[in-house]
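The values are calculated or read from the model by the stated rules, or taken from the named source; none is laboratory data. This one's a predicted model, so the numbers in the text were calculated from it and none came from an experiment. Glycine gets a Cβ as well: all are built from the backbone with ideal geometry, and neighbour counts include every protein chain shown. Note: accessible area is taken over every heavy atom of the protein model, side chains too, but ligands, DNA and RNA are not part of it. Shrake-Rupley method; radii C 1.70, N 1.55, O 1.52, S 1.80 Å.
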Amino acid sequence: MKILVTGGAGFIGSNIVDAYIDHGCDVAVVDDLSTGDHSFVNKKAVFYNCRIQDEALDNIFFRFQPDVVNHHAAHINLRHSVVNPIYDAENNIIGSLNLLKNAVKYRTKKIIFSSTGGAIYGEPDSLPVSEKTPAVPLSPYGAAKLSVEHYIRIWHLLHGLDYTIFRYPNVYGPRQNPEGEAGVIAIFALQMLSKKTPTIFGDGTKTRDYLYISDVVQANILALEKGSCETLNLGWGQEVSDQNVYDCVSKALEFNRKPNYSLPRPGEVNRIALNSDRAVQSLNWSPEITFPAGVKRAVRYYIEQKKKYR
Ligand SMILES: NC(=O)c1ccc[n+]([C@@H]2O[C@H](COP(=O)([O-])OP(=O)(O)OC[C@H]3O[C@@H](n4cnc5c(N)ncnc54)[C@H](O)[C@@H]3O)[C@@H](O)[C@H]2O)c1
């Protein structure tokens, strides 16, 4: 199977590329390296340094002729999307439309899309949210992701393109960029390793659902064969507070200082957790790495990185 992975030099995309190659797939990566790292790109993948919104994407599709597009390229900084929504939309909406246009032109069978459960449900009345909960994003980033979900659904109706849309919770683990939508574990770990005291925005009670990278990768493998025309939450369905994250990371690093606290930031939701029953049913997927176990693994990675770049 030939799979084009957009964002395959980034945190989640590069881990998926490795797994697809181990699975025996031919993989091409399209990434503009805006936040990605070329050293993360698997040597067995063909690499194209290109923005998904560029005309040059046509030629890449022409040469590679993918069966499946796994779409992970995005401008992922939610707070920047509040300040610069046009830049966010150019990358996340226009770029995705260019991808869909080429997918149809070159007869791609399926698209797997990384949407966000953390930023499209707004502040729901009850948690964990299922996919039936109305999507009311509070940020341009969330609005862009939701609009791409609609375009994909419409592309299925108009052109028969198959899809699986994943609504991720906060994903964490090796290679995560601390600048990202959900990079709090990376941020805390790297600051603590540099003996800096991290800041919690708000009073520490804000909650997120955290999923370790290998569980996300597994869902993307299963979606190659299952989950046709489905929109699926991934997550544990459990809320983990910012204070909890701080305590867990500081315990793993034996860091004894209390955090600083600052004002909450605009565009961010207060509480979220995702019910993934539908993914369990449709993909036969379930998460395996618990939060404390995942934090230990992630922290080990940042300790190794710190040693490498010292
Ligand atoms: N990390 C999370 O917790 C999380 C949660 C929900 C959804 N997502 C989604 O998963 C995807 C991957 O996120 P990540 O955490 O790995 O982020 P990341 O920044 O590590 O990866 C994104 C990759 O896309 C590339 N890219 C960005 N804009 C591009 C463009 N216009 N053209 C080509 N390449 C471009 C970047 O260089 C980077 O390599 C994103 O679509 C993100 O919105 C992530």
List every residue pair whose Cβ atoms lie under 6 Å apart, where the two residues are 6 or more positions apart in sequence or sit on different chains, the first residue falls within region 218-243 and is in contact (Cβ under 8 Å) with a residue 60 or more places away in the chain, and the second residue, located anywhere, is hydroxyl-bearing (S, T, Y) and assigned to a loop (DSSP other than H, G, I, E, B).
-> N233/S276; L234/S276; G235/S276
Check region 261-283 and report whether any residue there is part of a helix (DSSP H, G or I) and free of Cβ contacts under 8 Å to residues at least 40 places away in the same chain.
-> yes
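Yes/no per residue for (1) open to solvent by 20 Å² or more (accessible area, probe 1.4 Å); (2) out of contact with any Gly (no Cβ under 8 Å at 6 or more places or on another chain); (3) more than 10 Å from the ligand (Cβ to nearest atom):
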| residue | (1), (2), (3) |
| --- | --- |
| F40 | yes, no, no |
| A45 | no, no, yes |
| I52 | no, no, no |
| D58 | yes, yes, yes |
| V69 | no, yes, yes |
| H80 | yes, yes, yes |
| A89 | yes, yes, yes |
| I93 | yes, yes, yes |
| S96 | no, yes, no |
Could we say that I3 is modelled with pLDDT of 95 or more and either assigned by TED's automatic domain parsing to the domain that holds A143 or buried (at least 16 other Cβ atoms within 10 Å of the Cβ) (or both) here?
-> yes
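Return the residues of region 154-177 that are in a helix (DSSP H, G or I) and within 24 Å of S276 (Cβ to Cβ); say none if nothing qualifies. Show your work before the answer.
Taking region 154-177 first, the residues in a helix (DSSP H, G or I) are 154-159.
Across region 154-177, the qualifying residue is only H156.
Please count how many residues of region 187-242 are assigned to a strand (DSSP E or B) and either open to solvent by less than 40 Å² (accessible area, probe 1.4 Å) or of a type outside the set (V, I, T) (or both). Before the answer, list the steps.
Within region 187-242, the subset assigned to a strand (DSSP E or B) is 199-201, 207-208, 210-212, 230-233, 240-241.
Still in the running and either open to solvent by less than 40 Å² (accessible area, probe 1.4 Å) or of a type outside the set (V, I, T) (or both): 200-201, 207-208, 210-212, 230-233, 240-241.
Adding up the residues that qualify gives 13.
Quick one: which residue in D162, D203 is assigned by TED's automatic domain parsing to the domain that holds N15, more than 12 Å from the ligand (Cβ to nearest atom) and among the charged types (D, E, K, R)? Before the answer, list the steps.
On the way: D203 fails: assigned by TED's automatic domain parsing to the domain that holds N15.
From the options D162, D203, the qualifying one is D162.
Mind checking which residues of region 98-123 are part of a loop (DSSP other than H, G, I, E, B), under 18 Å from L4 (Cβ atoms) and within 12 Å of the ligand (Cβ to nearest atom)? Quick ask: steps written out before the conclusion?
The initial filter retains those residues of region 98-123 that are part of a loop (DSSP other than H, G, I, E, B), namely 106-109, 117-123.
When the remaining residues are screened for being under 18 Å from L4 (Cβ atoms), the result is 106-109.
Answer for region 98-123, where residues must be part of a loop (DSSP other than H, G, I, E, B), under 18 Å from L4 (Cβ atoms) and within 12 Å of the ligand (Cβ to nearest atom): there is none.
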